[in-house]
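Here is the structure we will look at.
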Amino acid sequence: MRFDILTLFPELFSGYVGQSLLAKAIGAQRVTIQLHNIRDWARDRHRQVDDRPFGGGPGMVFKPEPVVECVEAVQKLAGSPGHLVLLSPKGRRLDQSKVEELAGYEGLVLLCGRYEGFDQRIIDILQPDEISIGDYVLNGGEVAAMVVIDSVVRLLPGVLGDEQSAWQDSFSGERRQIEYAQYTRPREYRGHVVPDVLTSGDHSAVARWREEDSRRRTEARRAQQMEIEEG
Ligand code: ADE
């Protein structure tokens, strides 16, 4: 899968891209990541990519020309244009089913915002898939783009190594359940003891316990969420 990242801050990605799972996927040629600096498409001497909003108001707005032309150029680079995603707090909230959909594309073009936003014509012309990673405002789309890459890459066949593992994670598949609690050695730590059933060797009892623990955690989380939503 190919990721093209359009940003004013390509250097923000260097640590992330070197991280083990992603570096391995890149090494195995399952994933390619190309960074593109939007500023390279600026037209004027000062390489300006933003300007003040018509009608006044705070902040700066991305100018249409550099962004539209950068996206169009990048979409021509690969064999197929790539699905255009704009990271924005105004977008549709990312969830696991959206991640699964995104993992089905041959390529994603991830457009990262900064400033107060984009000139509306960028959105009208390019018709991107607008995605938010949550109802809060980040300083830019870069961290959100990393979230998208991270959640998508681990679904690609062969990337996780153990294919079961992605499937069993919280929110995968049909059930959308929270995962059961996991333990490893030691059996006791600071007075906290691993549930006996997990060390019993009784596989069906373990399976039942996990099912029940998962159900309990899912219900507790939902109740907590409802409380928050009801204020
Ligand atoms: N850019 C700024 N805030 C964002 C958010 N919550 N999700 C995606 N992109 C963003």
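Structural remarks
- Residue satisfying condition, being over 23 Å from residue 59 (Cβ atoms) and not charged (D, E, K, R), within set 109, 85: 109
- Any chance residue 47 is of a type in the set (Lys, Arg) and on the phi < 0 side of the Ramachandran plot: no
- Checking each residue in the stretch 120-142 for being in contact (Cβ under 8 Å) with a residue 60 or more places away in the chain and either in contact with a His (Cβ under 8 Å, 6 or more places away or on another chain) or over 16 Å from residue 83 (Cα atoms) (or both) picks out 140, 141, 142.
- All positions within the stretch 177-231 that are in a loop (DSSP other than H, G, I, E, B), in contact (Cβ under 8 Å) with a residue 12 or more places away in the chain and of a type in the set (Asp, Glu): 179
No value in this document is a laboratory result; all are computed from the given coordinates. Small disclaimer: the values here were computed from a predicted structure and weren't measured. In this analysis, Cβ positions are derived from the backbone assuming ideal geometry, glycine residues included, and neighbour counts consider all displayed protein chains.
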